[in-house]
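One structure is given here, and the rest of the page talks about it.
The values are calculated or read from the model by the stated rules, or taken from the named source; none is laboratory data. Worth saying up front: this structure is predicted, and the values here are computed from it rather than measured. Note that each Cβ is placed from the backbone with ideal geometry, even for glycine, and that neighbours are counted across all protein chains shown. Accessible surface areas use protein heavy atoms only, side chains included; no ligands, DNA or RNA. Shrake-Rupley method; radii C 1.70, N 1.55, O 1.52, S 1.80 Å.
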Amino acid sequence: MLDVLLKRQIVSFKKAKKSRLPIVDKQFNLVSLVSRKDLLNSRDFPHASKNPETKQLLVGAAVSVKPYEESWKRLEALAEAGVDVVVFEGHGGDHQDMLDIIKKAKSAYPNLQVIGGNAVTSSEVYRLIQAGVDAIRVGKGVGSVATGQMVKAVGRAQMSAVYHTARIAKDYGVPVIADGGIKNSGCAIKALCLGASTVMMGSLLAGTEESPGSYYFQDGMRLKKYRGNFSLESLAQGNVTGGVMLAQGVSGAVVDKGTARRFIPYQAQSIRHGLQDLGIKTIEEVHKSLYDGRLRFEVRSSAAQREGGVHDLHSYAH
């Protein structure tokens, strides 16, 4: 039905030779404005994340939990503007400030989707779920620009963290987001097979044209700057606690990956092929296979990892 309406609207635009189409209600009050670009985007990106009722793109925002009063004002402004999901950012996944603002947010805005974290243990996940989160980010000190595990000796191997947190979260119907450690599509498949419903791809997407920042050339390579949230460069801009700048990340550069319009479909297709080789069609089926024991894992030696990649070639090209 939507495809038929979309085709009709495109035909209407062509006949009228207009770039915008006003939408009115029964009283002829203007309720929306559709542009030719909107229709083209709907046609070219049919799987875009949209509100099922309004058909508008979903909008998310990140909110730091400190300072508390300022964070709450930011949340109120976002909720009033109609944000769909809020990600609360903090040093620890289940510290009291995080739990308090999640409880208050869900009480004040019950329809607002709230993501909390980061967590790596079952106890952290349980407390976040009790506070009312709708999803949980998993991972500490495993990002490509993170140094938290070296600086604070706190964290967990990402595969273990995803598996153990997802095993608890599934009993409450709360999805887990693997945050960190995703170096390629193979890592994404492993995270999904271990219980994650979604993966974050910060460093992979940082080199795309659509990511913030400008390209520059170094040693013949086209690069883009990539900065950790708690790197010295970030802290120098005012995110300092107690007057001491304790860096828990670094600033670096990533190689140009072109436009996300080509990069994301490539990653998605790689994941489809991985699931196909497993004989599994959906992520839901992956998780079911994991918890009923049909999906098994094997620890690979360093020799097995080497032979699993490109080897014994003088040079090669993709």
Restricting the stretch 295-309 to residues that are within 29 Å of the chain's Cα centre (by Cα) and either surrounded by 12 or more Cβ atoms within 10 Å (Cβ to Cβ) or more than 20 Å from LEU194 (Cβ to Cβ) (or both), the residue that is modelled with the highest pLDDT
LEU295
Matching residues in the stretch 250-269 (more than 20 Å from SER214 (Cβ to Cβ) and open to solvent by less than 30 Å² (accessible area, probe 1.4 Å)) number 1
Selection from the stretch 87-117 of residues that are under 16 Å from the mean Cα position of the chain (by Cα) and either at pLDDT 90 or above or open to solvent by less than 20 Å² (accessible area, probe 1.4 Å) (or both)
VAL87, PHE88, GLN113, VAL114, ILE115, GLY116, GLY117
Qualifying positions in the stretch 36-65 - modelled with pLDDT under 80 and in contact with a strand residue (DSSP E or B) (Cβ under 8 Å, 6 or more places away or on another chain)
ARG36
Counting only residues that are open to solvent by less than 50 Å² (accessible area, probe 1.4 Å), give me the strands (runs of 3 or more DSSP E) lying completely in the stretch 18-71 with at least 1 of them.
30-35, 60-64
Here the residues within the stretch 72-96 that are touching a strand residue (DSSP E or B) at 6+ places or on another chain (Cβ under 8 Å) and aromatic (Phe, Trp, Tyr) are PHE88
Which condition number in (1) farther than 24 Å from VAL286 by Cβ; (2) in a helix (DSSP H, G or I) is the one that VAL114 fails?
(2)
Applying the selection to the stretch 131-180, what residues are of a type in the set (Ser, Thr, Tyr) and open to solvent by less than 30 Å² (accessible area, probe 1.4 Å)?
THR147, THR165
Evaluation of ALA77 against (1) over 22 Å from the mean Cα position of the chain (by Cα); (2) hydrophobic (A, V, I, L, M, F, W, C); (3) within 26 Å of ALA191 (Cβ to Cβ) (one fails), failing number
(3)
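Listed here are the residues, each with its yes/no results for (1) modelled with pLDDT under 90; (2) surrounded by fewer than 18 Cβ atoms within 10 Å (Cβ to Cβ); (3) in contact with a strand residue (DSSP E or B) (Cβ under 6 Å, 6 or more places away or on another chain).
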site	(1), (2), (3)
THR208	no, no, no
ASP219	yes, yes, no
LEU235	yes, no, no
THR241	yes, yes, no
Looking across the stretch 118-128 at residues that are touching a Gly at 6+ places or on another chain (Cβ under 9 Å) and in a helix (DSSP H, G or I), the single one that is surrounded by the fewest Cβ atoms within 10 Å (Cβ to Cβ) is ARG127
May I ask you to list the residues in the stretch 270-293 that are charged (D, E, K, R) and either part of a helix (DSSP H, G or I) or surrounded by 13 or more Cβ atoms within 10 Å (Cβ to Cβ) (or both)?
ARG272, ASP277, GLU284, GLU285, LYS288
Residue in the stretch 187-200 that is in contact with a Gly (Cβ under 8 Å, 6 or more places away or on another chain), under 30 Å from LYS104 (Cα atoms) and either open to solvent by 70 Å² or more (accessible area, probe 1.4 Å) or of a type outside the set (D, E, K, R) (or both) present
yes
